[in-house]
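The values are calculated or read from the model by the stated rules, or taken from the named source; none is laboratory data. Note that the coordinates shown come from a computational prediction; the quantities given were computed from them, not determined experimentally. Glycine gets a Cβ as well: all are built from the backbone with ideal geometry, and neighbour counts include every protein chain shown. Just so you know, the surface numbers come from the protein's heavy atoms only, side chains and all, with ligands and any DNA or RNA stripped out. Shrake-Rupley method; radii C 1.70, N 1.55, O 1.52, S 1.80 Å.
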Amino acid sequence: MPRRGFSLFPDSPSVRRIFSAESLRARWRSGEPVVTSAIILLCVAVWLLETLFRFVWPAGYAGMLGFGMMQPASMTREPWTLVTAMFLHQPASLWHIGFNMLTLWSVGPVLERLMGHWAFLIMYMVSGIGGDAGMMIWALLNRSGDAWFTSSYGASGALFGLFAAILVVYRKVGQDLTSMIVWMAINFLMPIIVPNIAWQAHVGGFVIGGLFTILMTDGVRALRRRPVLERALIYGAVLLVLLLMVCYACNTANPVRTGSWIPLLD
């Protein structure tokens, strides 16, 4: 009889088996929320790195945030921050990363199974950039001028896009919206309860996520018979171009001066 080493969880698969190529392919084919899991793992890994740098290498921590955070005043010079800001979270706050990842896990798997992996990822990314566009529009409208130098980071812009998407889907299929509306209300009220939260990114992400989903379900008639991924690529590209146009149009009012930034969590 073969001997087995002691295991605290004898019937559970090993970590190596869970993350093997074969396991990932099987979960991908079966429609499991692989993309949602990957986003969560990436956000948590970046957060752990931020936390480590904060204690052992403050200069590296400051450089990491400076490189990744989105600031309206510097967005056109640092366009990569439209994406990198989605994966940064406040290292001094377990609440920030924890609440965002809990929210993502509560709605992400449902949408990923409904839309497919790539279409879900496209919607997530476009919604996150929609949150950045919300910050740009607010910088344009805010008369004080301080909004141009207010940096933001976090996944909430993209998450609010998911909220809008699931709201559209639930309404389309006649699903009860009560629990989702309560969950959304809690998130929308967070900027009132917790200071320094970028509600502008929430609104921007919500609008774009809802618009993307409406286009996917009731968009151009000629595209309705196209595969889901093809439609997602077309609508995602159109929305991305429009968002970049909005951001660059807002930037025409960008004051040419330097200022101190106040980071906002989103």
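Using alpha-carbon pairs under 8 Å, 6+ residues apart, how would you state the relative contact order of segment 83-188 in percent? It comes to 36 percent, rounded to a whole number. Convex hull volume of the C-alpha atoms in segment 91-230, normalised per residue: 123 Å³. Would you mind telling me the share, in percent, of accessible area of the chain contributed by carbon and sulfur at probe 1.4 angstrom? Roughly 68 percent, rounded to a whole number. Most tightly packed first, judged by the mean number of other beta-carbon atoms within 10 Å of their residues, the peptides 45-52, 126-133 read 126-133, 45-52. The Cα-based radius of gyration of segment 98-141, divided by its Kirkwood radius, gives an Rg/Rh of 1.11. In this Cβ point-charge picture (+1 for Lys and Arg, -1 for Asp and Glu), segment 94-179 has a dipole of about 180 debye about its Cα centre. Using the Cβ-Cβ distance between K172 and L41 with R0 set to 41 Å, the FRET efficiency works out to roughly 0.85.
Per residue, the convex hull spanned by the Cα atoms of segment 49-110 measures out at 100 cubic angstrom. Calculated [222 nm] ellipticity per residue, helices only, for the chain: -22000 deg cm²/dmol; basis is -39500 (n - 2.57) per DSSP H run with n ≥ 4, divided by all residues, nearest 500. Relative contact order for the chain: 23 percent, from Cα pairs under 8 Å spaced at least 6 residues apart, divided by residue count. Along its first, second and third principal axes, ordered by size, segment 179-245 spans 45, 32, 15 Å in Cα coordinates.
Enter the accessible area per residue of the chain (Å², integer; probe 1.4 Å; all protein chains in place).
Dividing the accessible area of the chain by its residue count gives 54 Å².
Remark on the chain: ratio of C-alpha radius of gyration to 2.2 N^0.38 Å is 1.09. Think of the chain as a dipole: +1 on every Lys or Arg Cβ, -1 on every Asp or Glu Cβ, centred on the Cα centre; then among G131, S151, W105, W105 lies furthest on the positive end. Residues whose amide H falls under 5 Å from that of L88, counting only those 5 or more places apart or on a different chain, are G154, with hydrogens built in the peptide plane.
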